[in-house]
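Worksheet for the structure shown next.
Every number in this text was worked out from the coordinates using simple rules, so none of it is lab data. Computed from a predicted model, the values in this text were never measured in an experiment. Note: ideal-geometry Cβ built from the backbone for every residue, glycine included; neighbour counts use all protein chains shown.
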Amino acid sequence: MAINLNLLLKVMVQNKASDTHIRGDSSVFLRINGGITPINSSIMSQKEVEEMVFPLMNQRLKSIFAEKHEVDFSFDGAELGRFRFNVFTHKGKIGVAIRHIPLTIPTFEELRLPADPIKKLLQNERGLVLVTGITGSGKTSTLAAMIEYLNQTWDAHIITVEDPIEFAFTEKKSIISQRELGSDTTTFVDALRAAMRQDPDVIMVGEMRDLETTQAAITAAETGHLVFATLHTMNAVQTISRIIDLYPPHQQAQVRLQLAESLRGIISQRLLPCYKGGRLPAVEIMTATPHIKKMIAENTIDAINQAIAKGGFYGMQTFNQSLVKMHKDGMAKLEDILQAASNPDDVLLAIKGIEQEIEPGRSK
């Protein structure tokens, strides 16, 4: 069947696909609940792919693609929502990855996130809050839910720096300035430096990609702003290590002190299939308590995971604790829970311990 852009996006939304993958002279594939599924009779020629995506790019984007053989941009699909496009080449052919961004910004409850501890982190008026996880783990949606919560509850100026802009916010109690790399600013670093003269209360930077961006984000947090950012890291300990390792050795002691002072919390997540349909986030939450701040400053971060496990009073939980709770609540299959775990044996032991508490008379 002939596929045009509007039809493709409609099929994507109707099937609740998070992503669509297009490659010249190949079938079109949808990612639904984490799995890749082809659209029947959907082979697109190289020419058809080019005729679909090139008209969506302005001259600046076409120049970037010609030079780098890849480019990111967003597309407004009206009632279908927004879509993030990544156009690239493979084996000399055009490839396209499309991510669906819903019109409605999801709430913490709709994302099945632990709302209370996240809202508690958002009560900070300054400092650094990080959202981490692998690609496709829901970081963008979580950040959007956080910004929207502040938009509804705080009369503030929120600046976002994105590559590209994904969720489009409607101003409520806050005013929101959304800036896109390329069209509104040149780099994350330039935007963060300029933000200091734009009277922000909250700054959201799409990703701390490099040392310069990380330095600028920490500085913004130190100078009295609430700063959100993402990192492609798996958990709190790895996140702290990644930030410190960005710096040359002679600066690492100083950045530990800066991070200990500015960090407010880390939310790390992984998605796994849910019994009730869709996908469910396993979430680790670390709050920067005085004890954890001391461990960061003194470079004893390996013990942070134990502090998180014992930090329920502060709203903290480890991935293991989140996964065990999923099993206890009957939200996910055991095999999916164990596959998502960093330490499957520890999770299995914890689950068995709960089962034995429930059935103390059961033979071992």
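Less than 5 angstrom separates the built amide H of VAL161 from those of ARG179, MET204, VAL205, GLY206, all sequence-distant by 5 or more or on a different chain. For the stretch 115-224, relative contact order (Cα pairs under 8 Å, six or more residues apart, normalised by length) works out to 28 percent. The string of couplings for the stretch 20-36 from the Karplus curve (6.51, -1.76, 1.60, θ = phi - 60°) is 10, 10, 10, 9, x, 6, 8, 5, 8, 10, 10, 9, 10, 6, x, x, 9 Hz, one whole number per residue in order, with x for Gly and Pro.
Between GLY330, GLY34, GLY24, the GNM of the chain built on Cα springs shorter than 10 angstrom shows GLY330 fluctuating the most.
In whole angstrom, note down how far apart the Cα centers of the stretch 159-202 and the stretch 211-254 are. About 19 Å separates the Cα centre of the stretch 159-202 from the one of the stretch 211-254.
Amide H contacts of ILE94: GLY24, each under 5 Å away and 5 or more positions distant or on a separate chain (H built 1.01 Å from N in the peptide plane; Pro and chain starts excluded). Structural descriptor for the stretch 5-101: relative contact order 27 percent, calculated from alpha carbon pairs under 8 angstrom and at least 6 residues apart. Spatial offset of the stretch 263-279 relative to the stretch 1-70 amounts to 27 Å, using the alpha carbon center of each.
If you take the square roots of the eigenvalues of the alpha-carbon gyration tensor of the stretch 161-317 and sort them as a ≥ b ≥ c, do you get rounded (a/c under 1.5), prolate (a/b over b/c) or oblate? Cα axes put the stretch 161-317 in the oblate bin.
In this Cβ point-charge picture (+1 for Lys and Arg, -1 for Asp and Glu), the stretch 26-153 has a dipole of about 360 debye about its Cα centre. Among residues other than LYS172 with Cβ under 10 Å from its Cβ, the summed charge is -2 (Lys and Arg +1, Asp and Glu -1).
Compared with the direct C-alpha span, the chain from ASN4 to GLU67 gains 20.0 nm at full extension, assuming 0.36 nm per residue. Relative contact order of the chain: 13 percent, from C-alpha pairs under 8 Å at least 6 residues apart in sequence. Subtracting the Cα-Cα distance of LYS119 and LEU257 from their residue separation scaled by 0.36 nm leaves 47.1 nm. Stretching LEU56 away from ASP155 to a fully extended chain increases their span by 32.0 nm, per 0.36 nm per residue minus the current alpha-carbon distance. Checking the Cα-Cα distances for LYS120/LYS293; LYS276/LYS328; LYS276/LYS325; LYS119/LYS328; LYS119/LYS310 against a 26 Å cut-off, no pair goes over it.
Think of each Lys and Arg Cβ as +1 and each Asp and Glu Cβ as -1; about the Cα centre, that makes the dipole of the chain roughly 560 debye. Highest mean packing comes first when the peptides 281-292, 60-71 are listed by Cβ atoms within 10 Å, giving 281-292, 60-71. When the charge dipole of the chain is built from unit charges on Cβ atoms (+1 for Lys and Arg, -1 for Asp and Glu) and taken about the Cα centre, the candidate among PHE313, ILE243, ILE105 whose Cα reaches farthest toward its positive end is PHE313. Centre-to-centre, using Cα atoms only, the stretch 287-305 and the stretch 108-136 are separated by 19 Å.
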